[in-house]
């Protein structure tokens, strides 16, 4: 499981080009839907808060 909160995001943020959303959503989908462990490197360790990430919650390591 994972929870990502973007800093300064609005309800319409998913309608815009956003590399943070792309990086974490594609990595999560590839890791868990396709069961492709190569994407684990983009999910673990958990990202720290930053200019774009207000909060991130999840657990590492992931096990199949």
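A few points about this structure:
- Label corresponding to P(r) over Cα pairs in 5 Å bins from 0, in percent when calculated from the structure given, among [x] 4, 19, 34, 28, 10, 3, 2, 1; [y] 4, 18, 26, 21, 14, 9, 6, 2, 0; [z] 4, 17, 29, 24, 16, 9, 2: [z]
- For the options 29, 51, 43, a Gaussian network treatment of the chain with springs between C-alpha atoms closer than 10 Å singles out 51 as fluctuating the most.
- Ranked by how many other Cβ atoms sit within 10 Å of their own Cβ, fewest first, the residues 11, 62 fall in the order 11, 62.
- Taking other C-beta atoms within 10 Å as the exposure proxy, 50, 17 rank 17, 50 from fewest upward.
- Computed extension length for residue 60-residue 16: 12.9 nm, one decimal, from 0.36 nm per residue of separation with the Cα-Cα distance subtracted.
Throughout, read-outs are computed from the coordinates displayed, never taken from laboratory work. Note that the structure is predicted; figures quoted are calculated from it, not measured. We place every Cβ from the backbone using ideal geometry, glycine too, and count neighbours over all the protein chains shown.
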